[in-house]
Amino acid sequence: MANEIWTIKRCLEWTKEYLAERGEEHPRLSAEWLLCAATGLARIDLYMRMDETLNAAQLETMHAAVVRRAKGEPLQYITGSTQFRMIDVTCAPGVLIPRPETEMLVEEVLNYLDAEVLSPEAAARQRVELPWNDEVEQARKAEAALADERATAERRAANLTAADEAALGSDVLGSRAYAEELADREAEEAAAQAAEAEAAEAAESELDEYGIAIEGAGQETASAQDAAAPAPAEPRTARVLEVGCGTGCISLSLAWERRGHVTCTATDIEPRAIDLATKNRDALGLTADEVAFSLTNLVSSIPHDEWGTFDVLVSNPPYIPTDVMRSLPHEVKDFEPDLALEGGADGLDIFRRLLNAAPYMLRAGGLFACELYEGALDAAAELCRQAGLSDVRIVHDLTDRPRIVRAIVTEPKQRQ
């Protein structure tokens, strides 16, 4: 293979046919991904440079990648990365690959934070229904019509003589009279505004006994006014706790998309996950103050003085029921870690433990949100209600399958 001339076009077509013969569901797309990883080109660049010849190193990389893919290994492990919302995420064997459904989990958290934590007043205005909108629109139209009427009256008054007015009748006379009255009113308003401005200027410039303005007097007055005025409230930083971070895609997306407004604490029991998530954080230029990763079992490492301080507890825990594990696709079952997939008989083993922890971790009004197996959402929602959480909702994914349960902690618990 290395002794032949292999252009991008030839390699693309050969890889597509090779993978299709071995049951690849999307052979051309897989071939494009592998070629992009081997050459460092974007997909669109492949088609702009079809006649370009691959060098020996690119051919060797491509050959190894095709062999791995033919055995069913996930593309994300072979290429070493995937895209998740607005960020690129490095992937590696031993750590769960991010899914599109999890992007929706991030969206749910962001919607909550925007509405209830970061800018609750603005969000409330967006949510309020305004039954008087028609009345407001009618008032606006009436005001515009009145402005037009005034303009027309002024034009008529300026262009018509008394004889013209007498000939045209009382409507024009009324218009001219109205225009003159309007002009007088505007002149009075202008005079009043000028008087107010002079008074304000005089107040700012304190005079001495000779009628000379004292320097700095106006500044002192302004300073006193500034001191009397309450300082604007500092915008609050939202605090998010993620359990089972994997690649870190959830916490990193939250911190990246609301940088400066959200900080995250993320845990995982798998050392490879913590190492990979840390590398992904560093690649984005985020700091440990923005996203802190901790190797621990669920919430065990969270200091007790931080209990009850989080706005959100979010998780994509292991949730595949044990019986369903056997029917998972080959590339998931044989390559991705069972520890990040299996959730017990009903898929809710870890969820129950998170639900128990939520009232201790979250403040009053905090959000508890989990991605779960589609057949377990009704049971999970009922568990949330039994635990005393409120506003329990089930969110469907892009294929209209139940995928996320979210609820609000109304009565936080204190540790004994």
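The values are calculated or read from the model by the stated rules, or taken from the named source; none is laboratory data. Please read all numbers here as calculations on a predicted model, not as lab measurements. Cβ sites come from the backbone with ideal geometry, for glycine too, and all protein chains shown count toward neighbours. Only protein heavy atoms, including side chains, enter the accessible area calculation; ligands, DNA and RNA are left aside. Shrake-Rupley method; radii C 1.70, N 1.55, O 1.52, S 1.80 Å.
Spin-label model, I269/S390: points 7 Å from Cα along the beta carbon direction are separated by 3.4 nm. Each peptide in 308-315, 384-391, 97-104 gets a packing score, the mean of other Cβ atoms within 10 Å over its residues, and the list from highest to lowest is 308-315, 97-104, 384-391.
How much length is gained on full extension from T237 to M86, taking 0.36 nm per residue of separation minus their Cα-Cα distance? Between T237 and M86, full extension yields 52.3 nm more. Each of C36 and Y18 was given a label point 7 Å from its Cα along the Cα-to-Cβ line. The distance between the two points is 2.0 nm.
Each Lys or Arg adds one and each Asp or Glu subtracts one; over the other residues with Cβ under 12 Å from the Cβ of C264, this totals -1.
If you stretched the chain out fully between M48 and A345, how much longer would it get, using 0.36 nm times the residue separation minus the C-alpha to C-alpha distance? Working shown, then result.
Working: separation 297, 0.36 × 297 = 106.92 nm, distance 5.11 nm.
Full extension of this stretch gives 101.8 nm more.
Using a probe of 1.4 angstrom, how much of the accessible area of the stretch 321-416 is carbon and sulfur, in percent? Present the calculation step by step, with values, prior to reporting the outcome.
On the way: 2350 of 4900 Å².
Carbon plus sulfur share of accessible area: 48 percent.
Backbone geometry of the stretch 257-266 corresponds, through the Karplus equation with coefficients 6.51, -1.76 and 1.60 at θ = phi - 60°, to 3J(HN,Hα) couplings of 7, 10, 4, x, 10, 9, 10, 10, 10, 10 Hz, x marking Gly and Pro.
Take the Cα of T399, go 7 Å toward its beta carbon, and the backbone nitrogen atoms of the stretch 315-346 under 17 Å from that spot belong to 319-321, 324-333. Think of a 1.4 Å ball rolled over the protein heavy atoms: the stretch 9-100 then has 52 Å² of accessible area per residue. Surface analysis of the stretch 301-394 yields an accessible area of 43 Å² per residue, using protein heavy atoms and a 1.4 Å probe.
Report the GluC sites (Glu not before Pro) located in the stretch 6-83 that are in a DSSP loop and have at most 13 other Cβ atoms inside 10 Å of their Cβ, or state none. Before the final figure, lay out the partial values.
On the way: sites: E13, E17, E21, E24, E25, E32, E52, E60; in loops: E24, E25, E52.
Here the sparse-neighbourhood loop sites are E25.
Site pair T309 and D282 shows an inter-label distance of 2.7 nm when each label is modelled 7 Å from Cα along Cα→Cβ. Shown for the stretch 1-73: the carbon plus sulfur share of the solvent-accessible area, taken with all protein chains present and a 1.4 angstrom probe, equals 52%.
What FRET efficiency comes out for the pair E257/R352, r = Cβ-Cβ distance, R0 = 41 Å, nearest 0.05?
On the way: r = 30 Å, r/R0 = 0.73.
Working from the Cβ atoms, E equals 0.85.
Summarising the amide proton neighbourhood of R403: residues at separation of 5 or more, or on other chains, whose placed amide H is nearer than 5 Å comprise V395, H396, D397.
Applying both filters, DSSP loop and at most 16 other Cβ atoms within 10 Å, to the trypsin sites (Lys or Arg not before Pro) of the stretch 320-374 gives R326.
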